[in-house]
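Take a look at the structure set out below.
Throughout, read-outs are computed from the coordinates displayed, never taken from laboratory work. None of these values were measured; they are calculated from a predicted model. Here the Cβ positions follow ideal geometry from the backbone for every residue, glycine too, while neighbour counts run over all protein chains shown.
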Amino acid sequence: MQLGGPTLVSKGPLDVVSDHQNVVVCSATAGARRCSFQGDVLAGALAAFVAWTRIFIQEASTNEEIILPEMNSMLLAGFGGCTVCRTASACAFQVKKRSMLAGDMLEYLGTAVEMMFEVTGGAGGGGASQAMNDMAAVRI
């Protein structure tokens, strides 16, 4: 499987994901505090979404019921990672306020994923296809 070149993520008041041809903007509510190492949490979330994307594409190649989105799947992975991190940041900020650290976000990553997607499947997958279908359905 070829990924088709680099996909860039730029953090800011709005997170921007671009593959040089298309741009996706993530405007999900984030915590009011941007703290050190928050980018590390984002990098981990992006890695998870890229892995789920690869699983989804592999499943789609053998399952006629799965419809691949008509856009670079890495844009969807970037959007998913940004949205989860911004949501986890907002949840952590609600509890910790200005004392929030990046590590506090980790506690809310699962909650953020559940808020974004209908969580299905268990160990061994199943949820990846649903998550990617849900992301493809998000109006970007």
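Can you sort Phe37, Phe49 by how many other beta carbons sit within 10 Å, fewest first?
Fewest-to-most ranking of Phe37, Phe49: Phe37, Phe49.
Please compute the modelled spin-label separation between Lys96 and Ala51, points set 7 Å along Cα→Cβ, answer in nm with one decimal.
It is 2.3 nm.
What's the ranking of 57-65, 13-21, 94-102, 38-46 by average number of surrounding C-beta atoms within 10 Å, highest first?
Packing proxy ranking, top to bottom: 38-46, 13-21, 94-102, 57-65.
Quick one: if the Förster radius is 22 Å, what FRET efficiency do Leu106 and Lys11 give, using the C-beta to C-beta distance and rounding to 0.05?
0.80
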